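**Q** Could you have a look at this structure, given as C-alpha cells, before my questions?
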Amino acid sequence: MTTAAMGEPGIPPMPERTPKALREAIVQHAPQLLPDFDAHWKRYVADAYDITTVPAFMARWWGEYAIARDPELDAHVTALEHRAAHECTDAAEAKALLEEASNIRHMAARTEPGQ
C-alpha cells in the first residue's frame, strides 16, 4: 500500500467500521462505488433477513473503499489487473501482476479505522 493510503495528507482516513459510517465515507470520497455498494447491501443484507451476511459485506467493501479513497492506488491496482487480463501473453507475468494486485487488496482490507 502506498504511504499516502496509510495516512498522508489528501487521503481521507478510514471511517468507523460500521456499514453506516462506511457508506457515508463512500458518498463523500468515492461516490463511484455507491451504486454497487447500495445494490449489494439491498440484495445480500437488507433483503436477506439474516445479519450473518454483514461481516462478509463489510470485509468486501472495507477493502474496496480503502483502495478507492486513494486515486493513485486505485489506478495502480486497476492497471495491474488490466495488464494481466488484456496485455500479458506470458502466464507467469500475468500471475505476478495479479498476485501484486491481490497483495494490495489484502493489505487494504487490513486498514484500521482512522488510518
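**Q** If we scan the stretch 44-51, do we find a residue that is surrounded by fewer than 17 Cβ atoms within 10 Å (Cβ to Cβ), at pLDDT 95 or above and over 15 Å from PRO19 (Cβ atoms)?
**A** No: zero hits.
**Q** Additional query: Would you say LYS20 is without any contact (Cβ under 8 Å) to a residue 24 or more places away in the chain and closer than 20 Å to GLN115 by Cβ? Show your work before the answer.
**A** Working: without any contact (Cβ under 8 Å) to a residue 24 or more places away in the chain: yes; closer than 20 Å to GLN115 by Cβ: yes.
When the stated conditions are applied, LYS20 passes them.
**Q** So TRP61 ticks every box in (1) assigned to a helix (DSSP H, G or I); (2) surrounded by fewer than 17 Cβ atoms within 10 Å (Cβ to Cβ); (3) in contact with a helix residue (DSSP H, G or I) (Cβ under 7 Å, 6 or more places away or on another chain) but one. Which box is left unticked?
**A** (2)
**Q** Something else about it: For the stretch 16-54, which positions are charged (D, E, K, R) and outside any helix (DSSP H, G or I)?
**A** Step one: of the stretch 16-54, the residues charged (D, E, K, R) are 16-17, 20, 23-24, 36, 38, 42-43, 47, 50.
Of everything in the stretch 16-54, those that are charged (D, E, K, R) and outside any helix (DSSP H, G or I) turn out to be GLU16, ARG17, ASP47, ASP50.
**Q** Looking only at the stretch 102-115, how many residues end up being of a type in the set (Gly, Ala, Ser) and within 11 Å of LEU73 (Cβ to Cβ)?
**A** Number satisfying all stated conditions: 1.
**Q** Every residue in the stretch 94-115 that is among the hydrophobic types (A, V, I, L, M, F, W, C) and either touching a residue at least 40 places away in the same chain (Cβ under 8 Å) or surrounded by 16 or more Cβ atoms within 10 Å (Cβ to Cβ) (or both), please. I'd like the intermediate steps shown before the answer.
**A** Within the stretch 94-115, the subset among the hydrophobic types (A, V, I, L, M, F, W, C) is 94, 96-98, 101, 104, 107-109.
The answer is ALA94, LEU97, LEU98, ALA101, ILE104, MET107, ALA108, ALA109.
**Q** Another question about this same structure. Pick from the stretch 64-104 the residues that are assigned to a loop (DSSP other than H, G, I, E, B) and farther than 29 Å from PRO15 by Cβ: which of them is nearest to the chain's Cα centre (by Cα)?
**A** As a first pass, look at the stretch 64-104 and keep what is assigned to a loop (DSSP other than H, G, I, E, B): 69-70, 88-90.
Okay, now just the ones that are also farther than 29 Å from PRO15 by Cβ, so 88-90.
On the way: CYS88: 24, THR89: 27, ASP90: 27 Å.
Filtering the stretch 64-104 for residues that are assigned to a loop (DSSP other than H, G, I, E, B) and farther than 29 Å from PRO15 by Cβ, the one nearest to the chain's Cα centre (by Cα) comes out as CYS88.
**Q** Name the single residue, out of those in the stretch 27-50 being in contact (Cβ under 8 Å) with a residue 24 or more places away in the chain and in contact with a helix residue (DSSP H, G or I) (Cβ under 6 Å, 6 or more places away or on another chain), that is nearest to TRP61 (Cα to Cα). Step through it out loud before you land on a result.
**A** Filtering the stretch 27-50 down to residues in contact (Cβ under 8 Å) with a residue 24 or more places away in the chain leaves 29-30, 32-33, 37, 45.
Now restrict to residues that are in contact with a helix residue (DSSP H, G or I) (Cβ under 6 Å, 6 or more places away or on another chain): 30, 33, 37, 45.
Working: ALA30: 11, LEU33: 9, PHE37: 7, VAL45: 13 Å.
Ranking the qualifying residues of the stretch 27-50, first place goes to PHE37.
The values are calculated or read from the model by the stated rules, or taken from the named source; none is laboratory data. Because the structure is predicted, anything quoted here is derived from the model rather than measured. We place every Cβ from the backbone using ideal geometry, glycine too, and count neighbours over all the protein chains shown.
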